[in-house]
């Protein structure tokens with residue numbers, strides 16, 4: 001729900017932050033003594049703060065016995081709310097203190113593997129070129145654009161159709177079969193004996209190997225046997241350790257192919273169902289910080305395209 005910042009708050013009597021911190025600490029430890037040690041206060045001061053809070057709320061937050069305290073039902077409910085509030089205050093304060101007044105924060109989100117293996121290398125050097133733009137990069141599975149996220153720009157995989165969003169295609173997805181060099185030395189790879197190999201799979205793309213071989217005009221029967229992984233990152237890591245052959249987007253394994261840490265099982269790349277895009281709200285198109293990232297990514301793409309061509313794959 002969107003907050004109306006122009007509307008005056010109806011309730012003006014709030015407990016102090018100190019009182020809330022004392023309550024949260026005591027509730028977490030279920031001990032005024034331990035709370036006092038953590039807060040560097042006396043036990044009586046903690047108890048007084050909690051008592052004043054209870055008086056203001058006109059509710060008991062703790063059951064008290066001579067040797068222990070425990071939360072009342074109201075106390076349990078209030079504790080969960082207060083904990084979230086204090087977390088939000090901590091994050092807001094940290095964000096404000098970590099960025100000087102003459103800088104801007106650029107919030108970027110991306111799918112986890114794409115972020116780690118392509119986006120972060122792509123943005124290398126950006127902060128030196130644009131010192132007044134501070135990057136805040138988050139890895140998310142989605143949703144990406146929401147009021148809670150307050151995102152400036154996102155790097156997504158799909159068909160490029162997102163409501164109220166401007167989408168610029170970065171590149172189509174081409175997937176390659178890769179494995180550790182030792183895996184090739186231990187086996188004679190042939191598309192005629194596919195079931196003899198361990199084919200690593202992505203849980204959300206169980207038909208990927210069938211589609212790969214179909215594009216190679218190879219008919220396969222039966223079920224592929226091999227470990228399943230939730231992310232491309234985990235699948236790539238498994239291939240590097242010799243688990244088997246991984247089918248992954250080419251752009252995500254270019255460094256390993258160039259270094260020789262991974263090699264192509266078959267000299268072929270299969271086109272994926274979607275493409276990778278950089279997206280941002282239509283209203284943010286004229287933002288100078290968004291423009292700066294777009295220009296930077298465009299320049300990096302030219303370098304990345306050349307690396308891809310150097311691999312000599314059939315696309």
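Only the coordinates and a few stated rules stand behind these numbers; no lab work does. Owing to the predicted nature of the structure, the values given are computational and were not obtained by experimental measurement. Cβ coordinates were reconstructed from backbone atoms using ideal geometry, including for glycine residues, and neighbour counts include every protein chain displayed.
Side notes on the structure shown:
- As a calculated quantity, the FRET efficiency between residue 299 and residue 220 at R0 = 35 Å, using C-beta atoms, amounts to about 0.25.
- Region 17-98: C-alpha gyration tensor shape, a/c 1.5 cut-off, then a/b vs b/c: prolate
- Relative contact order for region 173-271, counting Cα pairs under 8 Å that sit 6 or more residues apart, in percent: 52 percent
- Kirkwood-type radius of the chain, with distances r between different C-alpha atoms, in Å: 24.1 Å
- For the chain, the longest principal axis of the C-alpha atoms and the axis of helix 43-57 are separated by about 90°.
- For the chain, built as a Gaussian network whose Cα springs stay under 10 Å, the top-fluctuating residue of 80, 240, 132: 80
- Model label points for residue 311 and residue 291, set 7 angstrom from Cα along the Cα-to-Cβ axis, are 3.4 nm apart.
- Anisotropy class of region 173-271 from Cα gyration tensor, a/c 1.5 cut: rounded
- Across 202, 137, 89, mean-square fluctuation computed from a Gaussian network of the chain (C-alpha pairs under 10 Å connected) peaks at 89.
- Between residue 273 and residue 210, full extension at 0.36 nm per residue minus the direct alpha carbon distance yields a gain of 21.4 nm.
- Over the chain, Cα pairs under 8 Å with separation of 6+ residues give a relative contact order of 19 percent.
- Alpha-carbon centroids, region 117-133 and region 245-297: separation in whole Å: 15 Å
- Chain lengthening between residue 58 and residue 76 when straightened (0.36 nm per residue, less Cα-Cα): 4.9 nm
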